[in-house]
Amino acid sequence: MNWPTLPLLAVLPVLLGFSTLYAAPVPVRFVEGSAHGFLVLRSMDGDTLGQGELLQVPGDGEIETRLVFHFKDGSLYDETVVFSQRKVFALRRYRLVQRGPSFPTTLDASLDRATERYKVTYKKEDDHAQEILEDSLDLPADVYNGMQAQLLKNLPKGATETVHFVAFTPKPQLIELTLAPAGEDSFLLGETKKKAHRYALKPQLGPVIGFFASLVGKDPPDFFYWLLDGEAPGFLAFEGPLYVEGPIWRIELTSPRWPKSGREP
């Protein structure tokens, strides 16, 4: 979910130093537990691109969440987040794997808060050899890669929050991300009409970086999440790119289809 073009990458490491690095972590209002959901990935034209699963498992005082999409063209998107939820949410470990014809860069990137180390193995589609980046990275307490849905469920009604995420370009860059309510939309559950809360996630480049982004004609797009509110808030849908300068895709909940064997529920 990154956007910088190659000319901008040369100046990003310096300019990002102007970002506010120490916003407060998000308090826990709804404790996360075990979960298993089925997802579908579509283009904005409605074409099905792939099928996915979200698996969340508690263990040893932490939660591991894994989001996997298998594309029709054989591509893979595989994101794993390990976090704790002791009064506030805290990212512990993160890994992102993307490969296949749907992605211009083959990428295997990981972060570890305990060691403050990252490792990125990548190969662009026009390159023959893969490259490895490995170093330390100062991670503020509110870095939340892969945890946007969890954070949105825990924001007080009407609240706006600014956190950070690490964008792999492929070199990791620390980016501010504002989470803000953006209205309500109706959806149908059977014949029943319900309301979904829409949230906009806005990458914040700041005035200096924004100037360079305008020069190359590539402002980062907003991402959108739809959540069901109430006593048990839950994810409904997402719209946004999944990789550098990627197309806008939509992720939605789906359900299994049973074969016509006469034994389906």
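Return the FRET efficiency for the residue pair A114, R29: r is the Cβ-Cβ distance, R0 is 30 Å, and the value is rounded to the nearest 0.05. FRET efficiency, A114 to R29: 0.70. Only the Cβ atoms of Lys and Arg (+1) and of Asp and Glu (-1) were treated as charged; on that basis the dipole of the stretch 6-253 about its Cα centre amounts to roughly 460 debye.
Of the peptides 125-131, 60-66, the ranking by mean beta-carbon count within 10 Å, highest at the top, reads 60-66, 125-131.
Grab the other residues whose beta carbon is less than 15 angstrom from that of Q85, score K and R as +1, D and E as -1, and report the net.
Numbers: positive: R29, R86, K87, R92, R93, R113, K153; negative: E32, D60, E62, E64, D142.
Here the charged neighbours net out to +2.
How far, in nm, would the chain grow between H36 and R86 when pulled straight, counting 0.36 nm per residue and subtracting the alpha carbon separation? The partial results should precede the final answer.
Values: separation 50, 0.36 × 50 = 18.00 nm, distance 2.24 nm.
Full extension from H36 to R86 adds 15.8 nm.
Here the calculated FRET efficiency for L137 and E245, from their Cβ-Cβ distance with R0 = 22 Å, stands at 0.45, rounded to the nearest 0.05. Pairs spanning more than 21 Å between alpha-carbon atoms, out of K153/K194; K123/K171; K153/K202; K123/K202: K123/K202. Counting other Cβ atoms within 10 Å as a rough exposure proxy, the listed residues H164, H36 run H36, H164 from fewest neighbours to most. For H36, the shell of other residues with beta-carbons less than 14 Å away shows a net charge of -2, using +1 for Lys and Arg and -1 for Asp and Glu.
Our estimate of slack between V57 and W258, defined as 0.36 nm per intervening residue step minus the Cα-Cα distance, is 69.8 nm. Once the Kirkwood radius over Cα pairs is known for the stretch 6-253, the Stokes-Einstein relation at 20 °C and 1.002 mPa s delivers a diffusion coefficient of 113 µm²/s. Near P101, once Lys and Arg are set to +1 and Asp and Glu to -1 for all other residues with Cβ below 12 Å from its Cβ, the sum equals 0. Quick one: 3J(HN,Hα) in Hz for the stretch 97-111, Karplus 6.51/-1.76/1.60 with θ = phi - 60°, rounded, Gly and Pro as x. Along the stretch 97-111, the couplings run 10, 9, 7, x, x, 6, 10, x, 10, 6, 9, 9, 10, 9, 10 Hz.
Bear in mind that the values in this text are calculations on the coordinates, not laboratory data. All values derive from a computational prediction rather than experimental measurement. Don't worry about glycine lacking a Cβ; one is built from the backbone with ideal geometry, like all the others, and counts go over all protein chains shown.
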